[in-house]
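Where a number appears in this text, it was derived from the coordinates with a stated rule and is not lab data. On a predicted model such as this, the values are computed, not experimentally measured, just so you know. Note that each Cβ is placed from the backbone with ideal geometry, even for glycine, and that neighbours are counted across all protein chains shown.
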Amino acid sequence: MAQNLTLLALIQLVLSIFIGVFFMWLTFNLFSNRLKRKCELEEMNVAFAIIIAAVLFSTGYILSGTLSPLLNTLRIISRNNPETGVLLINSSRYVGEFLLIGFLVAMLVNYISISLFIALTPESDEFKEISKNEYKYSLIIAAILIVMALFAREAYIALLDSLVPMPNLPRIF
């Protein structure tokens with residue numbers, strides 16, 4: 001029993017590090033390149049860095065909800081499929097599905113948050129202001145990103161919980 005707990009803890013640690021490093025790298029590259037082009041920036045300024053930091057936090061916060069449903073899924077699969085090959089294939093499938101869904105949800109939340117601010121302020125060119133290092137716009141965008149992530153995370157976790165393969169329960173009647 002102690003070996004199983006140790007193994008699950010190690011799996012959780014490895015997944016946490018993988019999810020954190022890979023998806024933060026991917027998010028940073030996607031958003032910083034796109035935002036630099038949009039703002040016509042050669043290098044990062046404070047306003048730009050504030051938005052990227054909020055995007056990274058939003059993505060990380062949403063994806064951190066992946067671990068609990070994923071570990072529950074791995075526990076259930078390991079009970080139902082003791083063969084290593086089947087277990088590895090099923091586990092890989094669920095890890096991939098959960099991470100893909102999480103990343104798509106995070107990107108959607110980030111995109112909607114930035115689009116919401118642009119829609120709320122039609123009289124200003126936010127990207128031009130960010131390129132001039134006017135970080136008042138960045139702070140508001142960052143707040144919207146973080147609040148939207150706070151709202152979306154629980155719904156994302158509920159979605160993942162609904163995908164966990166529950167064992168069949170015996171019928172009483």
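Of note:
- The relative contact order of the chain, computed from alpha carbon pairs under 8 Å that lie at least 6 residues apart in sequence, is 35 percent.
- P(r) tail, segment 15-163: Cα-Cα pairs separated by more than 29 Å, 27% of all pairs.
- Helical mean residue ellipticity (222 nm; -39500 (n - 2.57) per DSSP H run of 4+; nearest 500) of the chain: -29000 deg cm²/dmol
- Farthest towards the positive end of the charge dipole of segment 15-163, among the residues Leu116, Ile76, Gly96, is the Cα of Ile76, using unit charges on the Cβ of Lys, Arg, Asp and Glu.
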